[in-house]
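The values are calculated or read from the model by the stated rules, or taken from the named source; none is laboratory data. Predicted, not measured: the structure shown is a model, and the values here were computed from it. Heads up, the Cβs are rebuilt from the backbone with ideal geometry, glycines too, and the neighbour counts pull from every protein chain shown.
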Amino acid sequence: MDVHNLKVFLEKNYGLKIKDVIPFQAKGHNDFFKIVCEDKTYFLKSYSPYDSIKSINKIDEMALLRDALCKKGIDVLIPIKNLAEKLYVRFDGVFFELYDFVETSHKIYPFSCLTLLSNFHKAASEMGEDFPSFSLPHDYFFENIKSKRDEFLDHSDFFAKYLDVRWLDAILLRVINASSKFNLQLVHGDCHVFNFLQSDDKLFIIDLEDVQMGLKVYDLACFIPQVAYVNKDRVDLQLFLKLVSHYLEFNSLDDFERSFLFDMVVVKIFLIIMNKFIKNEDLSESLLKMRLSKHHEDYVRGIDYSSLAPNF
């Protein structure tokens, strides 16, 4: 969107006294702006309804989803304006950076985020008939893994220089072969640290355009390694354990899901690697995370969940 037109639109519709509009580079068709006003700074993100895993009635469904979650007490952001094929969301608050999680004393932020995530999962699973009817595909999660695995095997000679291809493929097959045994529910689908927003005394979960029928344990596996894999060259195993334990204080995972926590960590890193590979982006950090995961596999698979959450 043209910066001048956006400034005029916001001033006219919301009475903002804007000093500056600063655009940021964003992926896909998303636009991201910093709105500097006389008394406050806002962030504005617009996204096309056709950028995510489905394209049917995206704006209407996102509005229903946000309303339903808000009624359940989950803090999500409500759009400020729907215009044609664009959805505008105003972010009044502070975006977390990764160092906020790693360096903050007592590591308050990641635990607060996991509390919100667990409540998000509980609300989605408890809605039942009250939950809006979505056209979310039930096979996207596993079909995505399958297609990326095919791409991976087609370039196995390249990846063999950096990874244990047989080890990784065995984990991917374990997940794919177990697909029919998982209980799918609505999940965030892109639950990384930058999709949490602190505004005053509230914490919001944002960017719901990738919601899908998937696995709670996958959302958990998306978030935890970002926080526990510190300094890009080591894993804080005790923090990893505390984060899993904290989630289980507020929500449960059945024994079958728990047994796949490590596999889902690997799957998430694998999908990042493949997305970057397809786009010809730098793989070094993600490949390192995969090697770190393999090194700590025995530890993560050996976690005694019953001792972490005795109430479940």
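The table that follows gives values for the structure above.
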{"item": "Residues of the stretch 237-296 satisfying the condition of being over 16 Å from Leu114 (Cβ atoms) and β-branched (Val, Ile, Thr)", "result": "Val266, Val267, Ile269, Ile272, Ile273, Ile278"}
{"item": "Residue pairs meeting the criteria (Cβ under 6 Å; at least 6 apart or on separate chains; first in the same structural domain as Ser286 (by TED's automatic domain parsing), in the stretch 213-224; second at pLDDT 90 or above and aliphatic (A, V, I, L, M))", "result": "Val217/Leu261; Val217/Met264; Tyr218/Met264; Ala221/Met264; Ala221/Val265"}
{"item": "Any hit, the stretch 228-241, residues being on the phi > 0 side of the Ramachandran plot, surrounded by fewer than 14 Cβ atoms within 10 Å (Cβ to Cβ) and not charged (D, E, K, R)", "result": "yes"}
{"item": "Residues of the stretch 161-209 that turn out to be among the basic types (Lys, Arg) and part of a loop (DSSP other than H, G, I, E, B), as a count", "result": "1"}
{"item": "Elements of type strands (runs of 3 or more DSSP E) contained in the stretch 1-51, each with 2 or more residues being at pLDDT 75 or above and of a type outside the set (A, V, I, L, M)", "result": "18-24"}
{"item": "Filter result for Asp263 (out of contact with any Leu (no Cβ under 6 Å at 6 or more places or on another chain), surrounded by 16 or more Cβ atoms within 10 Å (Cβ to Cβ), at pLDDT 90 or above and within 23 Å of Val165 (Cβ to Cβ))", "result": "yes"}
{"item": "Answer from Phe152, Phe120, Phe141, Phe111 - the residue that is part of a helix (DSSP H, G or I) and at pLDDT 95 or above", "result": "Phe152"}
